[in-house]
Amino acid sequence: MPKKTIILGVTGSIAAVKAENLAKRLKEIGRVIVVITEAAKEFVAPEGLAKASGNRVVTSLFEKYRKERETVEHISLAEEADLLLIAPATANTISKLANGIADDMLSTLVLATKAPILIAPAMNTNMWETPIIQENVAKLKARGYRFIGPAFGRLASGRMGKGRLAPLGRIVKESERILKEKKDLIKKRILITAGPTQEPLDPVRFISNRSSGRMGYALARAALSRGGGVTLISGPTQLLPPSGAEVINAQTAKEMRREVLRNFKKADVFISCAAVADYRPKKREKKKIKGERNFTLELERNPDILKEVSRKKGKRILVGFALETENLIKNAKAKLREKNLDLIVANPYSQAGRETNIVKIIDKKGRIQNLPRLPKKEVARRILDRIARMLK
Ligand code: CTP
C-alpha cells in the first residue's frame, strides 16, 4: 500500500512543544509534512520538526513564491493530503477556520483541501469554555470537521482543567482510523432529502411535523466522508449543512418534489429521509386568517415523492424511511413494496427527536437487520455500509 500523506499543522499553543514527538509517531503510519504558524515558531523550531518528520517544514504561504515563483503550493499540498491534522490547535486558529479566514499557509490549506480534517485543541480551560469558542467548535463539527480532546489535566498555568492536548497516542490512533476509513462511495452521487416540509395556510402559518433533519444530515456527512458526492435537499431545519455537500432548500412538499425530480437523474442512490407532509391546506390565503370565527381547514394530498420517482428507478438504489406508531415491521414492509425500495429503515415513533435511534433495516427479501440504540451518526454509517455493498 502506498504511504498516505498526513499534513500536520502546528499552531501557537504551549503544547506545540510536543509536536516533534507527534511528528515522529505519525511517521509510523504515513508520510508527514509539517506546516507551522508564525506563533508556533515561538515554541518549536522548524529544524527539529523537519528532522522528526523527515520532510521540509512549510513555514509560510509565500516562501516558495519568493524563492521559485511557485504560486500554488497551498493547492498542491491540499491535494496531496490524505489527512490534515491540526495539533495543537489554538482558540485563534479554531475561530479563523470557523469563519473561513485564510491568512497563512495552514488556514489556506484548510479551505483548499478535500481531505478529512482532524483538530486537537489545546488551550486554557476558560478559553475553551467560552461560548464563542464552543460555538465555533459546534459550527466546525456541523460542517464535518472532526475533533479530538481537549483532555482534562494540569495546564500550563498550573491549574487543573480541561484544555490539555489529547494524549499523542490517541491522536495517532484516531489519525490512523481516519486514514483507513472506507472510501467506497467515490464517484457515486447520493441524493438525500432531510427534515420536515412546511405547508402554508396563510402568509404567517403552516402545518408541519417534528422532524429535526438530524438523521438526513448525518447520512449526508457519512456519505461525504466515504468519498461520495452528496446533494442534500433539505426542508426547514436548525442544522448547519455539512461542507462539501450541494445543499438545496425546499419549504413545501411541492418544492421538494421539484428539486428531487431535477436531481434524480444524475443520482446513483436516493435516500428519502425527509418527513414529507402528506397533506397541505387546499387553499393558501393571501391575507392572514383572522381569529374571529370557527372554520374548517380543508386539506389535499401532497405528491408522494418517493413513490413517484420509484417508477423511474432504473439501476438506482432507493432507500426509504418509515416512522410508525404501531405495526412497525408490517407497515414498513408494505411501504418497501409499494415504493419499490431496496431498503427501508423502520423506526418507532418513540425514538423521534433524539440524538440516538433504534432502527431496523429491512431489505427486499424481507430480511431484517436489528440495530441496537446507536447515535444517528453510527446509524448513518450502518445504512451506508448496506448501500455500498449493493453498489458493488
Ligand atoms: N415520502 C415521500 N413523499 C411523501 C410522503 C412520504 O417521498 N409525500 C417518503 C418518505 O421520505 C419516506 C417514505 O416515503 O422515505 C415513507 O414515509 P411515511 O410518511 O412514513 O409514509 P407514507 O407513505 O406517507 O405513509 P403514512 O404516512 O400513511 O404512514
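Before moving on, here are some points about what is shown:
- Loop-resident sites, region 295-353, for trypsin sites (Lys or Arg not before Pro), counting at most 13 other Cβ within 10 Å (DSSP): 311, 312, 315
- Order by protection proxy (mean Cβ within 10 Å, highest first), peptides 62-73, 84-95: 84-95, 62-73
- Of all accessible heavy-atom area on the chain, the percent that carbon and sulfur account for (1.4 Å): 50
- Relative contact order of the chain, pairs being alpha-carbon contacts under 8 Å that are 6 or more residues apart, as %: 11
- Peptides 199-206, 32-39 ranked from most to least packed, by the mean per-residue count of other Cβ atoms within 10 Å: 32-39, 199-206.
- Stretched out straight at 0.36 nm per residue, the stretch from residue 129 to residue 38 would grow longer than its current Cα-Cα span by 30.3 nm.
- Based on protein heavy atoms only, the chain ends up with 52 Å² per residue of surface accessible to a 1.4 Å probe.
- Both the radius of gyration and Dmax for region 189-391 are 17.1, 58 Å, in that order, over alpha-carbon atoms.
- Less than 5 angstrom separates the built amide H of residue 233 from those of 192, 193, 194, 248, all sequence-distant by 5 or more or on a different chain.
- Whole-number D in µm²/s for the chain (Stokes-Einstein; Kirkwood sum over Cα pairs; 4 °C, 1.567 mPa s): 56
- Overall dimensions of region 76-195 as given by Cα atoms, namely Rg and Dmax in Å: 15.7, 51
- Computed log₁₀ I(q)/I(0) - Debye formula, equal Cα scatterers, no solvent, region 1-144, q 0.12 Å⁻¹: -0.45
- Considering only the Cα atoms of region 255-363, their convex hull presents on average a projected area of 9.5 nm².
- Residue order by solvent-accessible surface for 239, 374 is 239, 374, largest first, with ligands and nucleic acids left out and a 1.4 Å probe.
- Taking 21 Å as the limit for the C-alpha separation, the pairs 254/282; 312/364; 64/180; 4/180; 364/392; 4/162 exceed it in the case of 64/180; 4/162.
- Neighbour-limited loop hits for GluC sites (Glu not before Pro), region 303-392 (at most 16 other Cβ within 10 Å; DSSP other than H, G, I, E, B): 326, 355
- Note on region 1-69: Cα Rg divided by 2.2 N^0.38 Å, N the number of residues, gives 1.10.
- Most mobile listed residue (150, 348, 131) in the chain, GNM with C-alpha springs under 10 Å: 131
- Kirkwood hydrodynamic radius of region 299-385, from inverse mean 1/r over distinct Cα pairs, in Å: 13.6
- For the pair residue 66 and residue 210, label points projected 7 Å from Cα toward Cβ lie 6.1 nm apart.
The values are calculated or read from the model by the stated rules, or taken from the named source; none is laboratory data. These numbers were taken from a predicted model, which means no experiment stands behind them. Please note: Cβ atoms are built from the backbone with ideal geometry, for glycine as well, and neighbour counts cover all protein chains shown. Surface areas here come from the heavy atoms of the whole protein model, side chains and all, with no ligands, DNA or RNA. Shrake-Rupley method; radii C 1.70, N 1.55, O 1.52, S 1.80 Å.
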